[in-house]
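Here the structure is laid out as structure tokens; the discussion comes afterwards.
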Amino acid sequence: MRAMGAVAAGSRQHRRRQIIGWVLFALVVALIPFLIAETYSPTIFGNRYTFGLGNLSQAIALMVAILGLNIATGYSGQLSLGHSFFVGSGAYLTAVLVNEFHWSYLSTLGVVVPGLFVFGVLFGIPALRIQGLYLGLLTFAVAAVFPSIIRLDEIKDRTGGSNGLLIESDLEPPTWAPLDTVTGWLHAIPGVGSRVPDGLTGRQEEAVYKYFLLVIVALVCFWLVRNILAGRVGRALVAIRDNQLGAAANGVNLAAYKTLSFGISAAVGGVAGTMLAMHSGFVGPDEFGFSMAILLIVGLIVGGAGTLHGAVVGGLAIQFVPVWSSQTQTLPGTDVALEGPYGTAILGGLLIAIIFALPGGAAQGFRRIKSQLMPVAPQPPTGSTG
Amino acid sequence: MVLLDVTGVTVRFGGVTALRDLSFTVDEGSICGLIGPNGAGKTTLFNVVSRVYDAQEGAVAFEGADLLARPAHAISGLGIGRTFQNLALWPGMTVMQNVMVGAHHRSSIGALRAALRWGSGREEASLAQTAWDALEELSLTDVAFHPAAGLPFGTLKRVELARALVSRPRLLMLDEPATGLTQTEVGELADLLVALAQRHSLTLLLVEHHMGMVMGVSDKVVVLDFGAKIAEGSPAEVQNDPAVVEAYLGAEQ
């Protein structure tokens, strides 16, 4: 019945719909930094909330971190509470390479990606013997120990110890980037244009430029990971998650794929670390402790484990929900003041609500709505007769 | 020619001996029934052949190659497929995707090539075609894009059969394929299995409680009781064997 208005997958109509979707997505991604270059701060029910470019860029880096975690935990079912370790390692590697060897941010990825892949593979070896909560506990210990490793006396001079490291490189937009000009054009559009400032300050221009760099890195990561997970390797990982006995009996090498999933997961996590270093120009040991590990798991569950869209929603959620929660100074619509760390409490409440209402996370909800409004009928392979 | 050669296999779990000095052979192209009361060790033997359990003693040879020296994931590549008594499907994937995994060992695109889309599109299309053909052969195309959960047990059993078929096995081990089927359906399944065996030149090793079916299709029947072989022979011989009648059939009649 539901297939009535459905378009056939791969048909002209379906492709047109996909293209429209991507164009809209590109428009939003391209325009939003100009709209919030001057932080948007509406007052809702007596509380002032901010929606700024800095937070959004940070959220994009967190999306990539969750994307990485998703490979090991969401797809292949290996509970990893130590993902912050990889993100932190990536961030510190980038910081040290930029500071001491004067590499550019993006070229550090040439070390971060292979380095963290090897790291992840080593990390995955215990996962061959232990599973579930025990693996979670072990990886959690690794996450908890990261700040102490950074503070070790032997490497304190390199890592900056407790003080962290200020990265001695700015991401100046190249002179050819027409960010200021584009802002001027947008400002000239009647009506909506008034939301865009008339030209960007130097700092705003840098923020917009960084945002676009992070978006490009994130898009490349999502594209590569999607390609891996959409095919044979992705199916093998899900097979391991859903039934190991069946996976092995069908020729899936459990040990190889589990370590591979940890390797890719860590490499992507490392990229997220590089992105965070790019974003803030600073790395500190406590940013990458176990609270980040837990936050990433929360993002994974809220967004939807085992889906790529979920990583996007999850990254936005773990960045903005705590910020907006702490900006809720009074009970909405009243003068009753709120005190205490209720930002995390709201995040916790959201997690519980999501698990009850949508066990598959926000991505599951989107998929349900989409399959109702715009159903797509999958088609048999083209070579078949039926 | 002997395809599967089980020699003196003993499996113990702590103090329990699940298989005791079990020996039998399966000829290429034949259908071999493996029967016995619950707990006789039939599924244990499947798990030894597919390397889920280790045998403490004995040997298993497939075309002369020592199976017990291979890891579990290499078994399907050697040409041994199986289905499971209580299903080992992946509910997170569609029926089609489940069946495509069956061809895992016949495909080769790894993470790096997939990431860069280096030949993955072509392989993916050919895997999809293989899976679709198997679904067509087993009349499963209606549920191809349905998740492999929430479907009738008999349908899911057929999905497992399709998954095993796309691995292009020479030996197919079926663990109680007729469970949950009606009398008519059992008859259809028996015909289907014989047809499949001929079409794909399969050798079948069949664990089944449905006596009519086992006796009807098998060339040879091996009877287990408490982990030991108590009889072996043609269906007619086995049915008249006093030990079998006493241990197994006697209880049913």
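Other chains near B:72-79: what is the mean number of their Cβ atoms within 10 Å of each residue's Cβ?
Mean shielding count: 4.
Putting +1 on Lys and Arg Cβ atoms and -1 on Asp and Glu Cβ atoms, find which of A:Gly193, A:Gly365, B:Ala59 reaches farthest to the positive end of the dipole of the protein assembly as shown.
A:Gly193
Indicate, rounded to the nearest 5 percent, the antiparallel portion of the DSSP beta bridges found entirely in chain B.
Given both bridge residues lie in chain B, the antiparallel proportion sits at roughly 55 percent.
Among the lysines, select those whose C-alpha is under 28 Å from the C-alpha of B:Lys229, and discard any that sit fewer than 8 residues away in the same chain.
Here the lysines satisfying the reach criterion relative to B:Lys229 are B:Lys42, B:Lys157, B:Lys220.
Local charge sum around B:Leu68 (other residues, Cβ-Cβ under 13 Å, Lys/Arg +1, Asp/Glu -1)?
Surrounding charge for B:Leu68 is -2.
Between B:Leu34, B:Leu192, B:Leu112, where does the largest GNM mean-square fluctuation fall for chain B, given springs only between Cα atoms within less than 10 Å?
B:Leu112
Between A:Glu38 and A:Ile130, what is the label-to-label distance in nm when each label sits 7 Å out along the Cα-to-Cβ direction?
Each label point is offset 7 Å from its Cα along the Cβ direction, giving 5.5 nm.
What number does chain A give for Rg over Rh if you use C-alpha atoms and the Kirkwood radius?
Reported Rg/Rh, Kirkwood definition of Rh: 0.99.
Around B:Ala195, what is the net charge, scoring Lys/Arg as +1 and Asp/Glu as -1 over all other residues with Cβ under 13 Å from its Cβ?
Neighbour charge sum, excluding B:Ala195 itself: -2.
What dipole magnitude, in Debye to the nearest 20, does chain A give about its Cα centre under +1 on Lys/Arg Cβ and -1 on Asp/Glu Cβ?
In total the dipole reaches around 1960 debye.
Determine the calculated [θ] at 222 nm for chain B from helices alone, applying -39500 (n - 2.57) to every DSSP H run no shorter than 4 residues and normalising by the residue count; nearest 500 deg cm²/dmol.
-10000 deg cm²/dmol
Would you tell me the mean number of C-beta atoms belonging to other protein chains that fall within 10 Å of each C-beta in A:234-242, as a whole number?
Taking all residues of A:234-242 together, the mean is 5.
Any idea what Rg and Dmax come out to for the range A:288-350 if you just take the C-alpha atoms, in Å?
My reading of the Cα-based Rg and Dmax gives 13.3, 42 Å.
When chain A is treated as a GNM, springs tying every alpha-carbon pair under 10 Å, which of A:Phe262, A:Phe288, A:Phe119 comes out with the largest mean-square fluctuation?
A:Phe119
Around B:Ala231, which amide H atoms from residues at least 5 apart in sequence, or from another chain, sit under 5 Å from its own amide H, with H modelled in the peptide plane?
Answer set, sorted by chain and number: B:Val223.
Taking amide H positions as placed in the peptide plane 1.01 Å from N, state which residues far from B:His146 in sequence (5 or more) or on other chains have amide H under 5 Å from it.
Result for B:His146 returns B:Val95, B:Met96.
For the range A:232-386, give the magnitude of the charge dipole about the Cα centre (Cβ charges: +1 Lys/Arg, -1 Asp/Glu; no others), in debye to the nearest 20.
820 debye
Hey, how many Å between the Cα centroid of the range B:174-190 and the Cα centroid of the range A:143-171?
Each part reduced to its Cα centre gives a spacing of 65 Å.
Say we join alpha carbon atoms closer than 10 Å with springs in a Gaussian network model of chain A; which of A:Trp223, A:Trp324, A:Trp176 then has the biggest fluctuation?
Maximum fluctuation in the GNM of chain A, among the listed residues, is at A:Trp176.
Since every read-out is calculated from the coordinates, none of them should be taken as a lab result. Because the structure is a prediction, the values reported are computed rather than measured. With ideal geometry, Cβ positions are generated from the backbone for all residues, glycine too; neighbour counts draw on all protein chains shown.
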